[in-house]
Amino acid sequence: MNKALVIQNTLSGNKETFKSIVEGHVGMYVCGPTVYSDVHLGNVRTFLSFDVIYRYLLFLGYKVRYVRNITDVGHLVGDIDEGEDKIGKKARLENLEPMEVVQRYTNGFHDVMRLFNILPPSIEPTATAHIIEQIEMSQSLLDNGLAYEKNGSVYFDVLKYAEKEPYGELSGRKLDDLMSNSRELDGQADKRNPLDFALWKKAEPEHLMKWPSPWGDGFPGWHIECSVMSRKYLGDTFDIHGGGMDLKFPHHECEIAQNKGSYGKKPVNYWIHTNMLTVNGRKMSKSEGNGFTPEELITGDHKLLDKGYSPMTVRFFMLMGHYSSTLDFSNTALQASEKAHQRMMIGWKELQDLPVSSSNDVDVTDLRSRCETAMNDDFNTPILISVLFDAVKNINLVKAGQQKIDEANKTALIQLFDDYLFKVMGLQEESNASTGDDLGSSLMEVLIEMRKEARTNKDFALSDAIRDKLASLQISLKDGTDGTTWAKGS
Ligand code: AMP
Ligand code: ZN
């Protein structure tokens with residue numbers, strides 16, 4: 001019998017026992033990336049946290065419909081309601097079609113998700129494929145008197161909404177404080193109140209991405225896409241909505257207001273927000289310039305990094321912290337995780353060859369029960385890892401002849417690792433090349449030397465063939481002043 005799963009619900013601020021709307025089924029929506037640039041490691045932390053939540057729900061036997069969108073329009077530079085679209089700006093600077101930008105960074109995002117063994121969602125809808133629904137929801141808010149049109153744009157009327165509903169309930173913000181902290185922003189003269197937010201924006205002639213609407217050519221605001229896509233695929237009210245903490249306000253607060261205002265029901269039962277990956281205490285972000293890409297992390301080719309780390313080391317590092325705490329990136333922390341991860345994987349390997357006895361000292365039932373308790377307590381992966389390290393201790397004691405394990409408990413222990421280390425935490429064994437173990441590294445040195453000789457001999461067909469064959473194995477070569485280095489990952 002499973003113990004109850006408890007979730008820290010950001011909406012109530014309490015830990016609550018999880019109960020799905022339809023028994024045995026879970027609907028989960030997570031805000032996906034805005035695809036105008038490479039994802040950085042901070043973004044990875046959020047998607048990885050929800051990957052573990054998704055995996056655990058599947059492990060518990062739920063049928064999960066997991067929707068994670070792609071934001072491909074409407075997210076304006078500066079996260080406000082005026083200015084250029086992030087994707088449009090990139091397209092203009094690089095002289096590309098906006099959809100070329102979208103495709104490039106969507107592909108890159110998928111590659112990164114695969115690299116970290118993050119499962120694909122059940123549905124990955126895009127904002128541009130739901131323009132009609134966004135127009136319809138905006139119209140319904142106009143019909144309900146909660147929005148107004150001005151010069152071809154449509155705005156949500158926050159004060160009108162707040163007469164009946166608590167605006168700020170998710171982020172804990174008070175309307176009065178919001179009012180006194182807001183100021184008129186340049187170019188926002190169309191708004192009745194600076195707190196109002198755009199549902200639909202009139203497109204200026206130079207704006208690249210626009211669609212016809214009842215209010216003229218324009219494009220949707222940033223928040224409305226998630227309201228319509230979550231409702232379309234998960235229903236009026238669904239179980240879990242997630243995203244990084246930085247999306248709580250205004251993005252998620254606005255989503256709640258749009259859904260409630262449009263059809264009168266609360267959209268989400270459990271809100272989950274992940275905390276930030278920081279560098280020296282500051283949020284990792286593109287604008288801070290302290291974000292590095294997963295590729296840089298693996299090659300070590302970045303000023304913040306002393307060396308490269310394998311994707312599973314990074315996955316382990318992230319799961320050693322709870323998703324709701326900040327996680328500070330440092331070389332020392334990553335090196336400690338690398339050692340811990342290696343110890344865990346060696347324990348797992350040694351378990352396979354452990355000698356069995358007729359007597360048994362290893363209480364696998366207790367270990368399993370503690371794993372379950374950890375995950376049921378708001379997906380507590382650091383505690384789960386510590387229980388698995390207790391299991392590794394047992395493995396070492398059996399190996400040293402100080403404890404005994406019988407056949408049944410050995411099988412149960414293998415199953416425990418299989419369930420929690422691999423299925424739930426999503427770790428996977430890495431090939432020699434990606435962990436950089438001795439044989440893999442030696443073979444790579446031989447190949448790099450052969451390629452160097454081929455180039456010296458002007459045998460470019462051979463040198464290119466070596467590079468291309470390695471690329472097909474997801475191993476990239478980098479030529480620098482100090483010679484050639486290699487890394488796993490394309
Ligand atoms: P974006 O593409 O910027 O909208 O971000 C995609 C997701 O990554 C959102 O859920 C953000 O909250 C999340 N995110 C952005 N920066 C960080 C960070 N430093 N740590 C954790 N999550 C982040
Ligand atoms: Zn969203």
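Couple of notes before you dig in:
- Among (1) assigned to a loop (DSSP other than H, G, I, E, B); (2) more than 22 Å from the chain's Cα centre (by Cα) - the single one Gln342 does not satisfy: (1)
- Filter result for Gly78 (under 30 Å from Gln428 (Cα atoms) and either out of contact with any Asp or Glu (no Cβ under 8 Å at 6 or more places or on another chain) or within 14 Å of ligand 1 (Cβ to nearest atom) (or both)): no
- Members of segment 20-47 found to be within 13 Å of the chain's Cα centre (by Cα), among the β-branched types (Val, Ile, Thr) and assigned to a loop (DSSP other than H, G, I, E, B), listed by number: Val39
- Qualifying positions in segment 121-160 - assigned to a loop (DSSP other than H, G, I, E, B) and either in contact (Cβ under 8 Å) with a residue 40 or more places away in the chain or surrounded by fewer than 18 Cβ atoms within 10 Å (Cβ to Cβ) (or both): Pro121, Ser122, Glu124, Pro125, Asn144, Gly145, Leu146, Asn151, Gly152
- Selection status of Arg173, closer than 28 Å to Met245 by Cβ, assigned by TED's automatic domain parsing to the domain that holds Glu225 and in contact (Cβ under 8 Å) with a residue 12 or more places away in the chain: yes
- Selection within segment 188-204 - under 10 Å from Ala147 (Cα atoms) and either in a strand (DSSP E or B) or polar (S, T, N, Q) (or both): Phe197, Ala198, Leu199
- Qualifying residue in segment 329-336 (condition: of a type in the set (A, V, I, L, M, F, W, C), surrounded by 14 or more Cβ atoms within 10 Å (Cβ to Cβ) and closer than 17 Å to Met425 by Cα): no
- When residues of segment 55-89 are limited to those that are of a type in the set (Ser, Thr, Tyr) and away from ligand 2 (no atom under 13 Å from the Cβ), the one surrounded by the fewest Cβ atoms within 10 Å (Cβ to Cβ): Tyr62
- Selection within segment 353-373: residues that are over 33 Å from the mean Cα position of the chain (by Cα) and among the polar types (S, T, N, Q). The member of this set that is surrounded by the fewest Cβ atoms within 10 Å (Cβ to Cβ) is Ser358.
- Among all positions in segment 101-114, there is no residue which is surrounded by fewer than 16 Cβ atoms within 10 Å (Cβ to Cβ), in contact with a strand residue (DSSP E or B) (Cβ under 7 Å, 6 or more places away or on another chain) and more than 30 Å from Ala203 (Cα to Cα).
- Of residues in segment 22-54 being more than 13 Å from ligand 1 (Cβ to nearest atom) and over 21 Å from Leu327 (Cα atoms), the one surrounded by the fewest Cβ atoms within 10 Å (Cβ to Cβ): Glu23
The values are calculated or read from the model by the stated rules, or taken from the named source; none is laboratory data. Keep in mind the model is a prediction, meaning the values are calculated, not measured. In this analysis, Cβ positions are derived from the backbone assuming ideal geometry, glycine residues included, and neighbour counts consider all displayed protein chains.
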